[in-house]
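Visitor: Quick one: the structure is below, and I'll ask about it shortly.
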Ligand SMILES: C[S@@+](CC[C@H](N)C(=O)[O-])C[C@H]1O[C@@H](n2cnc3c(N)ncnc32)[C@H](O)[C@@H]1O
């Protein structure tokens, strides 16, 4: 197996990748005008790429509608809006998912964000022009190594998190890594917790080598099989709504898909812990 040349994940021009749901966030939450938005995004994206050579940056996927396009989005918003709801965005990158909620009037004081790369999170304040307004707490950690049971930074989340966001994140790890990461998510959860996100998949589930290590692309069956193991190991039960979707349905452009094999697809998941 050869490691991919990450330049295939870089599209110089934003083109048609700016869609209404994220435009709404920049207008509503950041106060950016439509006229200034494209040049602003180009400037920030140039700074973000050296910090994380991922498709989510290079292919402008941080602008995808993401969970805003889920049919369950109104329920997710309603859930997040409940008083005292605690929300964490894992592998937050630039932090657009938290801004999406903020633009829909979800209070930001009880939001947390976690990432290995603090500079992306810092750049997010410039991207969304909300330094001093976004009250979310940032946890700088490797989620594969984090000791969520003892590390004090997780104390407000441990067994108390209502909504866990994991967009374009868990697929970065191999099968065992995804199990370990999801076990940590379970440790942060309680009955009623929602776990929501989307990630790349393949119709034929398989592992890949990437610059950061091995990753595993699921199909629906392998995702469910992995979660069967996690539920057994953690003695929890979850309702799992996972759907395979075409990547164009996420809002990706055909030219962004050329580096991928034919059986590419996306997995959207909305899960609720029952017990
Ligand atoms: C593909 S990006 C997704 C970012 C964002 N959630 C989005 O949807 O655009 C993956 C993010 O996970 C972070 N990351 C990678 N490995 C990590 C780890 N082991 N622990 C915590 N964060 C990690 C990267 O720094 C990057 O910001």
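Visitor: Please find, within region 40-98, the residue that is nearest to the ligand (Cβ to nearest atom) out of those that are assigned to a helix (DSSP H, G or I), touching a strand residue (DSSP E or B) at 6+ places or on another chain (Cβ under 8 Å) and within 18 Å of residue 111 (Cα to Cα).
Guide: If we take residues in region 40-98 being assigned to a helix (DSSP H, G or I), touching a strand residue (DSSP E or B) at 6+ places or on another chain (Cβ under 8 Å) and within 18 Å of residue 111 (Cα to Cα), then 97 is nearest to the ligand (Cβ to nearest atom).
Visitor: Given the condition under 18 Å from residue 193 (Cβ atoms) and buried (at least 16 other Cβ atoms within 10 Å of the Cβ), answer yes or no: does some residue in region 241-264 qualify?
Guide: yes
Visitor: Could I ask something else about it? Can you tell me which residues in region 208-247 are within 16 Å of the ligand (Cβ to nearest atom) and either in contact with a helix residue (DSSP H, G or I) (Cβ under 9 Å, 6 or more places away or on another chain) or modelled with pLDDT under 95 (or both)?
Guide: If the condition is that a residue be within 16 Å of the ligand (Cβ to nearest atom) and either in contact with a helix residue (DSSP H, G or I) (Cβ under 9 Å, 6 or more places away or on another chain) or modelled with pLDDT under 95 (or both), then 208, 209, 210, 211, 212, 213, 214, 215, 216, 217, 218, 247 are the ones that fit.
Visitor: If you scan region 147-175, which residues turn out to be surrounded by fewer than 20 Cβ atoms within 10 Å (Cβ to Cβ), within 15 Å of the ligand (Cβ to nearest atom) and either modelled with pLDDT under 95 or assigned to a loop (DSSP other than H, G, I, E, B) (or both)?
Guide: Those that are surrounded by fewer than 20 Cβ atoms within 10 Å (Cβ to Cβ), within 15 Å of the ligand (Cβ to nearest atom) and either modelled with pLDDT under 95 or assigned to a loop (DSSP other than H, G, I, E, B) (or both): 147, 151, 174.
Visitor: Out of (1) within 12 Å of the ligand (Cβ to nearest atom); (2) not in a helix (DSSP H, G or I), what's the single condition that is false for residue 31?
Guide: (1)
Visitor: Right, next: Check 187, 141 and return the single one that is surrounded by fewer than 20 Cβ atoms within 10 Å (Cβ to Cβ) and near the ligand (Cβ under 9 Å from one of its atoms).
Guide: Of the residues listed, the single one that is surrounded by fewer than 20 Cβ atoms within 10 Å (Cβ to Cβ) and near the ligand (Cβ under 9 Å from one of its atoms) is 141.
Visitor: Here's a follow-up. Can you find, within region 1-23, the residue that is surrounded by the most Cβ atoms within 10 Å (Cβ to Cβ) among those that are part of a helix (DSSP H, G or I) and touching a helix residue (DSSP H, G or I) at 6+ places or on another chain (Cβ under 6 Å)?
Guide: Once the filter is applied, the top-ranked residue is 22.
The values are calculated or read from the model by the stated rules, or taken from the named source; none is laboratory data. Note that the structure is predicted; figures quoted are calculated from it, not measured. Please note: Cβ atoms are built from the backbone with ideal geometry, for glycine as well, and neighbour counts cover all protein chains shown.
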